[in-house]
Amino acid sequence: MKHIFKYIMILACGLPVALPAQNQVAQSQMDSLSLAGVITKVIGNYPSVKKAELEIEAANAKIGLAKSAYYPNIDISSSYSHIGPTSKFVLPGLGTFQLYPADNYSASLNVNQQIYDFGKTEKNVAFENQAKVLSQLSLEQLKQKLSLSLIGNYYSIVYLQEAISIKNEELKTLKEHLAFVEKKAATGSATQYEILTTKVRISNIENQKTDLETNLKVLQCQLNSYLGESQQSNVLLKKDVHAPEILESADALSVKALGQRDELRIARQRSMMVDTRLKMVNVQNNPVLNLFAMGGYKNGYIPELGDPKANYTVGVSFKLPIFDANRSKYNRQQVQTDLRGVDQDTELARRNIVNEVVESRANVDAALKKIAQTELQLQQAQQAYKLADTNYTAGVITNLDLLDSSTSLAESRLSVMKSRIDYTVSLLKLKIALGERIY
């Protein structure tokens with residue numbers, strides 16, 4: 001049992017996030033979920049995935065905001081002001097003249113259009129588009145990591161389901177054997193010691209089954225939490241194991257992974273974004289040419305100062321920064337440093353990917369060998385149990401020998417199942433290491 005629980009903890013806790021399912025194996029197979037079904041359901045409702053999708057929506061808004069510099073700013077303005085005293089002068093024989101009215105009214109439509117900013121807006125839009133691509137890649141990486149964590153938990157559940165099933169069969173066999181021993185004891189051909197040893201073995205198996213069921217309930221709680229369902233919900237998982245596959249060499253797989261992994265794509269995308277930032281810094285002191293126009297009504301025109309009259313203003317403005325207190329210089333230095341840092345991150349990601357592929361490939365090979373070994377061991381255990389059963393009936397071996405043979409058979413069945421699950425998990429982890437989607 002120590003090996004069983006150790007195996008469960010490796011699967012359930014050895015990965016970053018937890019998530020699986022299952023309670024009672026007695027549920028209908030029609031209600032069972034495959035690994036793909038669990039992953040699809042979790043990814044469709046998982047909060048961090050939803051948040052990443054919202055970040056993509058925010059990226060679309062930022063792209064639109066950057067593009068808004070291509071369009072004019074249009075507004076309507078109006079004002080009223082009372083001025084006192086007003087300037088007046090007197091012309092002999094002609095009367096008194098007022099230069100401007102005391103009450104001033106104006107209303108106008110204002111248009112301000114950027115004509116050319118020498119690449120500033122273009123590079124801002126390019127940067128926001130690249131940021132959106134980065135958000136999309138980050139979403140795919142998140143889904144991949146979530147799928148990776150689900151694999152370990154899913155097959156922990158599958159293992160527990162099958163282990164409990166094997167324990168139930170083992171209990172059934174032991175109870176049948178106990179009934180047989182008790183009948184023999186009634187005729188005097190078996191001892192009380194044989195009955196007690198069988199009962200002790202039954203009690204031990206029942207304790208093991210209880211521990212397995214407890215672990216199953218814990219994992220079921222985790223599954224319901226990830227699915228966003230009630231803690232009392234029960235989900236039966238299918239024994240979704242993979243058949244052996246022919247794989248390429250580790251070198252060929254590494255080349256494939258370097259072209260597909262999200263980590264390298266994200267690193268390259270970040271490098272592109274930093275390069276665009278550098279271009280943005282280089283053009284931030286470029287001049288800007290704007291067109292402005294304003295038209296409306298206002299009073300104050302001689303000779304009828306109080307009558308509003310149509311008026312307009314049209315012109316262009318040109319702005320050329322001369323000195324920015326060395327901000328561009330230091331921004332450029334910072335971005336160049338960031339670019340070198342991103343290059344180092346890319347190289348580190350490349351090395352880690354190669355290591356993951358080689359390790360996963362080796363684990364697949366080892367698991368495949370274990371399948372052959374455990375299947376041979378199971379065949380031998382089955383033959384040994386048949387011989388033990390025959391010999392016990394003939395009185396050649398003791399009751400304890402038969403119980404040991406029965407236990408060995410059950411452990412061999414668990415070993416076969418464990419090796420097949422190990423192979424499936426290792427194969428799926430290899431696919432993830434190659435950058436293949438399993439969701």
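The values are calculated or read from the model by the stated rules, or taken from the named source; none is laboratory data. Note that the coordinates shown come from a computational prediction; the quantities given were computed from them, not determined experimentally. Quick reminder, even Gly has a Cβ in these numbers, built from the backbone with ideal geometry, and neighbours come from all protein chains shown. Each accessible area value is taken on the protein alone, full model and side chains, heavy atoms only, with ligands, DNA and RNA left out. Shrake-Rupley method; radii C 1.70, N 1.55, O 1.52, S 1.80 Å.
Using +1 on the beta carbon of Lys and Arg, -1 on that of Asp and Glu, and nothing else charged, what's the dipole of the chain about the Cα centre, debye to 20?
The calculated dipole for the chain is roughly 600 debye.
If you take the beta carbon distance between GLU140 and LYS279 as r and set R0 to 35 Å, what does 1/(1 + (r/R0)^6) give as a FRET efficiency, to the nearest 0.05?
0.85
Put +1 on the Cβ of every Lys and Arg and -1 on every Asp and Glu Cβ in the chain; which of VAL200, PRO287, GLY228 then has its Cα farthest towards the positive end of the dipole?
PRO287
Charges on Cβ only, +1 for Lys and Arg, -1 for Asp and Glu, centred on the Cα centroid of the chain; of SER165, SER77, ILE63, which one is farthest towards the dipole's positive end?
SER77
Residues of region 280-301 with the amide nitrogen closer than 20 Å to a label point 7 Å from the Cα of SER78, along Cα-to-Cβ, please.
294-301
Rounded to the nearest whole Å², what accessible area per residue is found for the chain with the 1.4 Å probe? Walk me through the numbers on the way to the answer.
Details: 24750 Å² over 439 residues.
On a per-residue basis, the chain sits at 56 Å².
Which of these values of mean projected area of the Cα convex hull in nm² was calculated from the structure shown: (1) 21.9; (2) 20.0; (3) 35.8?
(3)
Mind ranking 412-423, 385-396 by how tightly packed they are, going by the mean number of other C-beta atoms within 10 angstrom, highest first?
Taking the mean over residues of other Cβ atoms within 10 Å, the ranking is 412-423, 385-396.
Using Cα centres only, tell me the gap between region 158-206 and region 304-376 in whole Å.
65
Sequence gap at least 6, Cα distance under 8 Å: using those rules, report the relative contact order of the chain to the nearest whole percent.
After rounding, I find 24 percent.
Which residue, LEU146, LEU428, LEU109, tops the fluctuation ranking in a GNM of the chain built on C-alpha contacts under 10 Å?
LEU109
Along the charge dipole of the chain, Cβ charges K/R +1 and D/E -1, which of GLY95, SER32, TYR330 sits furthest on the positive end?
Highest projection toward the positive end goes to GLY95.
For LYS370, list the lysines whose Cα falls under 21 Å from its own Cα; do not include residues on the same chain fewer than 8 positions away.
Of all the lysines, those that pass the test against LYS370 - Cα under 21 Å, at least 8 places apart if same chain - are LYS2, LYS6, LYS239, LYS418, LYS429, LYS431.
Given a Förster radius of 45 Å and the C-beta distance between ASN207 and LYS256 as r, what FRET efficiency does 1/(1 + (r/R0)^6) yield to the nearest 0.05?
Using R0 = 45 Å, I get an efficiency of 0.40.
Summarise the accessible area of the chain (1.4 Å probe, protein heavy atoms) by the percent that is carbon and sulfur.
Here carbon and sulfur together make up 56 percent of the probe-accessible area.
Looking at the chain, what % of its DSSP beta bridges pair antiparallel, to the nearest 5?
Just about 95 percent of them are antiparallel.
Given the options GLY44, GLY300, GLY259, state which has the largest fluctuation in a GNM of the chain using a 10 Å cut-off (strictly under) for Cα springs.
GLY300
Please give the solvent-accessible surface of GLU182 in Å², to the nearest 10, using a probe radius of 1.4 Å with every protein chain present.
Here the accessible area works out near 80 Å².
Given R₀ = 45 Å, FRET efficiency for GLN379-LYS217 by Cβ-Cβ distance, to 0.05?
0.85
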